[in-house]
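Before any comments, here is the structure.
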Amino acid sequence: MAAQNLALIEAINLALKSEMARDENVVVLGEDIGRNGGVFRATVGLLDTFGGDRVIDTPLAETLVAAMAIGLSTQGLKPVAEIQFSGFMYPCVDQVVNHATRLRNRTRGRLSCPMVIRAPNGGGIHAPEHHSESLETTFAQMAGLRVVAPSNPARAYGLLLAAIRDPDPVIFLEPTRCYRLFKQPVEDDGEALPLDTCFIDREGSDITLVSWGAMMHDTRLAADALAEEGISAEVVDVATLKPLDMDTILTSVAKTGRCVIVQESPRAGGWASEIAANLAEHGLLSLFAPVLRVSGYDTIMPLARQERVYIPDTERILKEVRKVFDAAPKG
């Protein structure tokens, strides 16, 4: 089948449609995901194609959505639950951490929990509070849980297929501001991309830039700007935050000797800090300069248009890169 030029939200829809056609045990559920097609239209057309038994509109109760997904997963189904915004996921935490992540151990392997919770993650759409959080670290700290954050349409398609096929629970965080930011060719070939693996987005020799989700867009732009200055940046898309593929990051930093990590979430206790700690423990002798982080601030995401002050941009990334080279000049 010929590749289609799709936006990220369209790639999500295509992956859901493809996997539901392939596997009759896949069901989707959430608030307004049936007749309405989801708040961002990720599930448009699924109700007409697969019917109300497999496309389930739920009450406005996130705890219920998570609990239903867990129950369905124990009965041979593969639920994909949508939470409208990541800021609404806090009520899900009780069900996820106390049941979904523990089911395999609790039953000594008799039951598993093959479920996916999808949610838009991060800011950039000028929404009010509770609509713009970046919650990847919150879930990445939970044992027994996979956390995936795609950065472009093709990876969103392949990683969502892999998440649905995984026998254990997956949190799938979709970069909200990238939903319709750009398009790229996506082939509906049913081929999943590997989980638990970083992707080398582009190769370079002078510095490693590490990011995931929406911040990959700004990181790629920063790498383009550095290339114009004669600096070769290797760009690593983490993609699966938990389990974290440190081998790929360590290999890259061993080649470049420098590293800047970019995240949208608040600075304190963020996943950038976890990556930096691993580099300090296992890659210190490869480094020519300190590992630096670019992040949001330790505040609530500001409302509406003030988001642009909070969310890191290309200039903030380049500023930290220059600090790294000031500490250890190129060559």
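Some points to look at:
- Set side by side, the residues Gly204, Gly213 differ, and just one is surrounded by 23 or more Cβ atoms within 10 Å (Cβ to Cβ) and either assigned by TED's automatic domain parsing to the domain that holds Phe139 or outside any strand (DSSP E or B) (or both), which is Gly213.
- Checked against the criterion of being more than 21 Å from His217 (Cα to Cα) and small (Gly, Ala, Ser), the candidates Ala239, Ala289 yield just one match: Ala289.
- Residue list for the range 62-89, filter: assigned to a loop (DSSP other than H, G, I, E, B) and either in contact (Cβ under 8 Å) with a residue 12 or more places away in the chain or under 27 Å from Leu181 (Cα atoms) (or both): Thr74, Gly76, Leu77, Ile83, Gln84, Phe85, Met89
- Qualifying residue in the range 244-258 (condition: in a helix (DSSP H, G or I), in contact (Cβ under 8 Å) with a residue 24 or more places away in the chain and out of contact with any helix residue (DSSP H, G or I) (no Cβ under 9 Å at 6 or more places or on another chain)): yes
- The lone exception for Gly230 - which of (1) part of a loop (DSSP other than H, G, I, E, B); (2) in contact with a helix residue (DSSP H, G or I) (Cβ under 7 Å, 6 or more places away or on another chain); (3) of a type outside the set (Asp, Glu) it fails: (2)
- Residue list for the range 121-141, filter: outside any loop (DSSP other than H, G, I, E, B) and on the phi > 0 side of the Ramachandran plot: none
- Gly144 being part of a loop (DSSP other than H, G, I, E, B) and either in the same structural domain as Ala100 (by TED's automatic domain parsing) or free of Cβ contacts under 8 Å to residues at least 24 places away in the same chain (or both): yes
- Residue match in the range 88-104 (condition: in contact with a strand residue (DSSP E or B) (Cβ under 8 Å, 6 or more places away or on another chain), farther than 23 Å from Glu19 by Cα and β-branched (Val, Ile, Thr)): yes
- Candidate set: the range 301-331, residues that are in contact with a helix residue (DSSP H, G or I) (Cβ under 9 Å, 6 or more places away or on another chain) and aliphatic (A, V, I, L, M); chosen: the one nearest to Cys259 (Cα to Cα): Val321
The values are calculated or read from the model by the stated rules, or taken from the named source; none is laboratory data. Quantities reported herein were computed from a predicted structural model and do not represent experimental measurements. Cβ atoms come from the backbone with ideal geometry, glycine included; neighbour counts cover every protein chain shown.
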